[in-house]
1. Using the per-residue mean of other Cβ atoms lying within 10 Å as a proxy for protection, in what order, highest first, do the peptides 126-137, 58-69 fall?
2. Between Leu189 and Arg167, what is the spin-label point distance in nm, taking each point 7 Å from the Cα along the Cα→C-beta axis?
3. So which aspartates and glutamates can Lys106 reach, going by Cα to Cα under 18 Å and dropping same-chain residues fewer than 8 places off?
4. Expressed in nm to one decimal, what extension gain is obtained for the pair Arg3 and Lys213 from 0.36 nm per residue of sequence separation less their Cα-Cα distance?
5. Find the accessible area per residue for region 99-215; the probe is 1.4 Å, ligands and nucleic acids are left out, and the unit is Å².
6. Positive end of the dipole of the chain, charges at C-beta (+1 Lys, Arg; -1 Asp, Glu), about the Cα centre: which of Ile53, Gln162, Leu30 has its Cα farthest in that direction?
7. Hey, can you list the DSSP H helices of the chain whose Cα span along the axis is 27 Å or longer and whose average Kyte-Doolittle score is at least -1.0?
8. How large, in percent, is the carbon and sulfur part of the accessible surface of the chain at a probe radius of 1.4 Å?
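The values are calculated or read from the model by the stated rules, or taken from the named source; none is laboratory data. These numbers were taken from a predicted model, which means no experiment stands behind them. Heads up, the Cβs are rebuilt from the backbone with ideal geometry, glycines too, and the neighbour counts pull from every protein chain shown. Each accessible area value is taken on the protein alone, full model and side chains, heavy atoms only, with ligands, DNA and RNA left out. Shrake-Rupley method; radii C 1.70, N 1.55, O 1.52, S 1.80 Å.
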Amino acid sequence: MERSIEHLFTNNKNWSERMHSEDPEYFSRLVNQQSPEYLWIGCSDSRVPANQIIGLAPGEVFVHRNIANVVVHSDLNALSVIHYAVEMLRVKHILVVGHYGCGGVKAALFDNRTGLTDNWLRHVQDVRDRHDSRLAQIEDPKLKVDRLCELNAMQQVVNICQTSVLRDAWARGQTVTVHGWCYALEDGLVRDLGVSAGCREEAVERYRDALDKIL
Ligand code: CO
């Protein structure tokens, strides 16, 4: 039996009324412009909602999400989002947010076949294979997944810093910092992975330092 989605309209109506009563100018202000300072690149996982986690209202964070928060050099979708965020919206920070216990990362780590998604998760397996010896030292499967979640987010920070978008932005003197975080479902807290970078050289340096600290 098909489940009704009528309650979604009710929710929406209630939300709209609540927002309007709290701030009558709220919607008219947002209609005219968005000027977020942050671009969030996270996992599509329903438990990792961008705005709520960092306590920001609509209009305050530009969002891109995909399975396992991957940024691939040839992904026109992600690149367009990054381009728009950096060049048009002039965001000051790009947050790459992995999350512990990520199903995509887990499937990639253990080679669990899921179908079409396997091809996408090959990118996470590239990260896995690059850190083969590091991961081999971890016995506990849960900890192994969590470590790959961190390594994956760190890698995506480096990938973003290598894009033409960021290189051009930095070359013209624009200030934009790329950060790597990992979010814990258990306590709702984000952990900074220590790879924040404001230029390409810094990205590589911070990435190496962070790896040294891991093992
Ligand atoms: Co995930």
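1. Packing proxy ranking, top to bottom: 58-69, 126-137.
2. Each label point is offset 7 Å from its Cα along the Cβ direction, giving 3.9 nm.
3. Result set, ordered by chain and number: Asp45, Asp118, Asp126, Asp129, Asp132, Glu139, Asp140, Asp146, Glu150, Glu186.
4. Additional length available on full extension: 70.7 nm.
5. With the other protein chains kept in place, region 99-215 gives 51 Å² per residue.
6. Of the candidates, Gln162 comes out farthest on the positive side.
7. In the chain, the long hydrophobic H runs are 141-162.
8. 51 percent
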